[in-house]
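The values are calculated or read from the model by the stated rules, or taken from the named source; none is laboratory data. Treat the numbers as computed from the prediction; the structure is a model and nothing was measured. Quick reminder, even Gly has a Cβ in these numbers, built from the backbone with ideal geometry, and neighbours come from all protein chains shown. What goes into the accessible areas is simple: the full protein's heavy atoms, side chains included, and nothing from ligands, DNA or RNA. Shrake-Rupley method; radii C 1.70, N 1.55, O 1.52, S 1.80 Å.
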Amino acid sequence: MANQDFVGVPSQIDTQSLSGASSEFQRLRRGLLFNYLVLGAGAILMVVPFIWMISTSFKPQAETVSFPPRLFPISPTISNYIDVFDRANMGRLYWNTTFISVIKTVFNIYTSALLGYIFGKFVFRGRDIIFYILLSTWIIPFEVYLIPLYLMTVQVGWADTFTALIVPEIFTVYAMFMFRQFMYTIPTELIDAARIDGAGEWYIFHRIIIPLSRAALFTLVAFYFMWNWNDFLWPLVVISDHDKYVITVGLATFVGEFWNQYGVIMAGASLAIIPILALFIAVQRFIIEGVVLTGLKG
Amino acid sequence: MIQTFVQRFTGNRSTLRAAEHRFIVIALIPTILFYAIVKFYPIFFSFFISMHEWSLFGNVSPFVGFDNYALLAKDSLFYKVMWNTMYRTFAGTFLGAFCSLIVALILNPIKRGSILLRLIYFLPVMTSVIASATIWKWMLQTRFGLLNQLLSVVGIQPVPWLQSTTWAMPSIIVMGIWGGIGFTVIIYLAGLKGIPRDYYEAAEIDGASSIQLALKITLPLLKPVVSFVLITGVIGGFSGGFQAIYMMTGGGPLDSTRVLALHIYDYAFQRMFMGQASSMSFVLFAIVLILTLVQFKLQRVDWEL
């Protein structure tokens, strides 16, 4: 019964001992042991950078450059963190980044759900052509937009404002596409029934479609919040006032100023990473299942 | 279902049409305006800029026709940048796809702890590249970095990872694989879920070994997913790499990690050659467009799923 679970496990080669419950059990142990060993080694490689970041961030300057490397600091200190808050204006960076990410994500998801619904559930002339024209912008690299959008931003007087960070990214193609896919799982009868009961179109969208799209919605909210939080190039180009920096740009600038104070830099990196990581671990079940759910298929 | 079908063909819904129509129009007008202004106009504007000697300062931007493109064709630095971009793109994509495939294949049969393992592999995906590049730069530091300190234990002399023209690009590629593996693994796992179990059961009854199962069933059936990962990886790779390289090497040493995205940014916003930078962004656009068309040809993407 468990045989099919061993796909791609090189250690499970002997098919002779297929019969017998005890050999079955041994095969299971041996097969999965190999898997766990390899995945465990890989997992260590994945987390070492994070562990080393946290470890360094609690070390006084002299200890960061001592040999041999130590996982646990001899005299742990939080002075690096205090330094970051004092000198990098961390509170401000957190507030700016949160504010912009929340607003952008709300716009991204709302507009995408609306368009996904319209392109997925309505029949009107020109629907497909409009959809594919919008979708085609997906392939255009952001570098193509960088210069013209910057000049346009300066032209309308939005340089160095949050407006410039938010407005050009209100609509987004990826989430729209995902919502349109998701609409095929919602029965059209439901919408028709609501119409017959006299529900208005906006009421149907807000009270039926959005609640029914919860699964796709949560995943896309999480991903867009992460992407918006981690956005770098556009804020780097558009914002020059330090008080309006977002966290990525703030960290990059900070690293440039304190390039040889490794403890302080790692404290800064920790502070940039930890909020988003904590948020994600809290909702991770949704996300990992949601990638599958929203239909990422070749 | 039958009811909807009948309604659709008898025009029973015509009384509702006006409200629906208004709904669609109200939603689509701002959308189309947005896309026209923010997504389509800038492309033409960018092309217009690439036809000029455009500088942010100074009010004169003389028209130069295709001179910017001609300059690129003669610029040895640009060829170097293109080579670096392709090196990073192809090495990163293929190695990354391979590592993720191995992880996905051995992660797939696991039940206990699989969520924790997926989460661990996914951690770098959630981390901003700016932050991870900061950590990696510190770990790869020549004298005090963790990697060289560990290597010295086994007697290997310190390697100046990010200051060496040989090692800087591989270092950035490895960091990129570390950063992206979790996402690709999840795509593969979704693909593996789609393979019917009966195939394996039938093959096992015929006495197939697990290696045979992997080579004869899993890989062929996973081929569309693998090629999806490779093609999107290559397309994304041409315009990618900016954040990691900006933070770790700034394009150096001796331009050995200068990739297209960084080069465009550098020309446009550091050296203020916006016309020249726009012409480069159009070369990038052309490459991505061609690759996408090739993808459509090779692999009829099933948009409807």
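Annotations
- Residues with amide H under 5 Å from that of B:His52, placed H, sequence gap 5 or more: B:Val64
- Of all segments of chain B bounded by trypsin sites (Lys or Arg not before Pro) found in a DSSP loop with no more than 10 other C-beta atoms within 10 Å, the longest spans B:144-299.
- Distance between modelled label sites at B:Asp198 and B:Leu151, nm, 7 Å Cα→Cβ extension: 5.4 nm
- Distance between the pseudo-spin-label points of A:Asp83 and B:Asp75 (7 Å out from Cα toward the beta carbon): 3.9 nm.
- Averaged over peptide B:17-30, the number of partner chain Cβ atoms lying within 10 Å of each residue's Cβ comes to 4.
- Overall form of chain B per C-alpha gyration tensor (a/c, 1.5; a/b vs b/c): oblate
- Of all accessible heavy-atom area on chain B, the percent that carbon and sulfur account for (1.4 Å): 69 percent
- Pairs of Cα atoms nearer than 8 Å and 6+ residues apart set the relative contact order; for chain B it is 26 percent.
- For the range A:273-282, backbone phi angles converted through the Karplus equation (6.51, -1.76, 1.60; θ = phi - 60°) give residue-by-residue couplings of 8, 4, x, 6, 5, 4, 4, 6, 5, 5 Hz, Gly and Pro being listed as x.
- GNM top mover of B:Leu147, B:Leu162, B:Leu262 - chain B, alpha-carbon springs below 10 Å: B:Leu147
- Applied to the range A:74-81, the Karplus parametrisation 6.51 cos²θ - 1.76 cosθ + 1.60 on θ = phi - 60° returns per-residue 3J(HN,Hα) values of 5, 10, x, 9, 9, 5, 4, 5 Hz, with x for Gly and Pro.
- Karplus-derived 3J(HN,Hα), 6.51/-1.76/1.60, for each residue of the range A:85-98, Hz, glycine and proline x: 4, 5, 9, 9, 6, 4, x, 4, 4, 4, 4, 4, 5, 4
- In the B-A interface, the accessible area buried, summed over both sides, Å² (probe 1.4 Å): 10000 Å²
- Note on B:Val294 and B:Met272: the extension gain reaches 4.5 nm, defined as 0.36 nm multiplied by sequence separation minus the Cα-Cα distance.
- Drop in accessible area of at least 50 Å² in the complex versus isolated chain, residues of the range A:171-212, 1.4 Å probe: A:Phe171, A:Gln181, A:Glu189, A:Asp192, A:Arg195, A:Glu201, A:Trp202
- When the pairs B:Lys74/B:Lys137; A:Lys104/A:Lys244; B:Lys223/B:Lys297; B:Lys80/B:Lys297; B:Lys193/B:Lys223; B:Lys39/B:Lys137 are compared against a 24 Å limit on Cα-Cα distance, B:Lys74/B:Lys137; B:Lys80/B:Lys297; B:Lys39/B:Lys137 fall above it.
- The range B:42-107: chymotrypsin sites (Phe, Trp or Tyr not before Pro) in DSSP coil with no more than 12 other Cβ atoms inside 10 Å: B:Phe57, B:Phe66
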